């Protein structure tokens, strides 16, 4: 079966909003309250994972006792939303890229590991919610990325076969998830991850959404 582009699905963190620094602030601050002094480099190990997976991973290593895993998880999300509201900003080319895809008549989805209330905070801060036909969080899935569930459900809600979807991702875990869903993937990694050799599994790697805008048509299906 040959693929025909019918939808573009955007990841959120690191693709639409420059949130990786904000996640690091939130994780370092919240984990310090339970005696776990993480560095920003430590936080990079879990980029793309759902936050409950991140907290459970560190709990298995440290076994703190003064807060529950859920309380730490909620604290991270609260701090992150505080930072989004205070200093969140769109990455270069975001609104123009959304306008470009919208102008083609393609469906537009958002599929993210972030929880629904983080999605709400981001789209409100950036004023971009009206571009999306569907916004779906891995919060509602049994498994988060790198499992493909969040992408498969997003495609189902869009009414599009997964092979006719193009995903724009920044993280290795997100790229694995999209490829497992049989979707084409453009990787637009954060600068510190540009040279990660694992990103070769993406169908195309670009430096930014600005580079995506320089293409005469949507890549990989034209």
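For region 179-222 and region 1-72, what is the separation of their Cα centres, given in Å?
Between the Cα centre of region 179-222 and that of region 1-72, the gap is 22 Å.
Report Rg/Rh for region 20-87, rounded to two decimals, where Rg is the Cα radius of gyration and Rh the Kirkwood radius. Before the final figure, lay out the partial values.
On the way: Rg = 11.0 Å, Rh = 11.8 Å.
On the Cα set of region 20-87, Rg over Rh gives 0.93.
Quote to one decimal, in nm, the extra length available between residue 96 and residue 32 on full extension: 0.36 nm per residue of separation minus the C-alpha distance between them. Don't jump to the answer; show the numbers that get you there.
Numbers: separation 64, 0.36 × 64 = 23.04 nm, distance 3.87 nm.
Stretched fully, the residue 96-residue 32 segment lengthens by 19.2 nm.
Could you give the semi-axes, largest first, of the ellipsoid that matches region 120-222, computed as the square roots of 5 times the alpha carbon gyration tensor eigenvalues and rounded to whole Å? Display every interim value, and only then the final one.
Details: eigenvalues 84, 60, 48 Å².
Calculated on Cα positions only, the semi-axes equal 21, 17, 16 Å.
DSSP beta bridges in the chain, what fraction antiparallel, as a percent rounded to 5?
Working: 1 of 20 bridges.
Antiparallel bridges make up about 5 percent of those DSSP assigns within the chain.
Considering the Cα trace of region 1-122, what is its radius of gyration and what is Dmax, both in angstroms?
Rg then Dmax for region 1-122, in Å: 16.8, 55.
What FRET efficiency would be calculated for the residue pair residue 130, residue 200, taking the C-beta separation as r and a Förster radius of 30 Å, to the nearest 0.05?
On the way: r = 35 Å, r/R0 = 1.18.
After rounding to 0.05, the efficiency reads 0.25.
Using C-alpha positions alone, give me the convex hull volume of region 67-152 per residue in cubic angstrom.
Details: hull volume 9.2 nm³, N = 86.
Expressed per residue, the convex hull around the Cα atoms of region 67-152 is 106 Å³.
If we count other beta carbons within 10 Å of each Cβ, what is the order of 65, 104, 112, 46, fewest first? Before the final figure, lay out the partial values.
Working: 65 8, 104 12, 112 29, 46 19.
With the fewest neighbours first, 65, 104, 112, 46 line up as 65, 104, 46, 112.
Can you pull a Stokes-Einstein diffusion coefficient for the chain at 37 °C (0.692 mPa s), Rh from Kirkwood over Cα pairs, as a whole number of µm²/s? Each step should come with its number before you reach the end.
Numbers: Rh = 17.6 Å.
Calculated translational D: 187 µm²/s.
Between residue 41 and residue 143, what FRET efficiency comes out of the Förster formula 1/(1 + (r/R0)^6) with R0 = 35 Å and r the beta carbon distance, rounded to 0.05?
Numbers: r = 26 Å, r/R0 = 0.75.
It comes to 0.85.
Please report 113, 208, 68 as a ranked list, fewest other C-beta atoms within 10 angstrom at the top and most at the bottom.
Working: 113 28, 208 16, 68 13.
Ordered from fewest to most neighbouring Cβ atoms within 10 Å, 113, 208, 68 come out as 68, 208, 113.
Just need log10 I(q)/I(0) for region 81-125 at q = 0.14, 0.17, 0.33 Å⁻¹, Debye formula, equal scatterers on the alpha-carbon atoms, no solvent, rounded to two decimals.
Each listed q corresponds, in turn, to -0.42, -0.60, -1.14.
Rule-based calculations on the coordinates, nothing more; no lab input. This is a predicted model, so every value here is computed, not measured. Every residue, glycine as well, gets a Cβ built from its backbone with ideal geometry; the counts of neighbours run over all protein chains shown.
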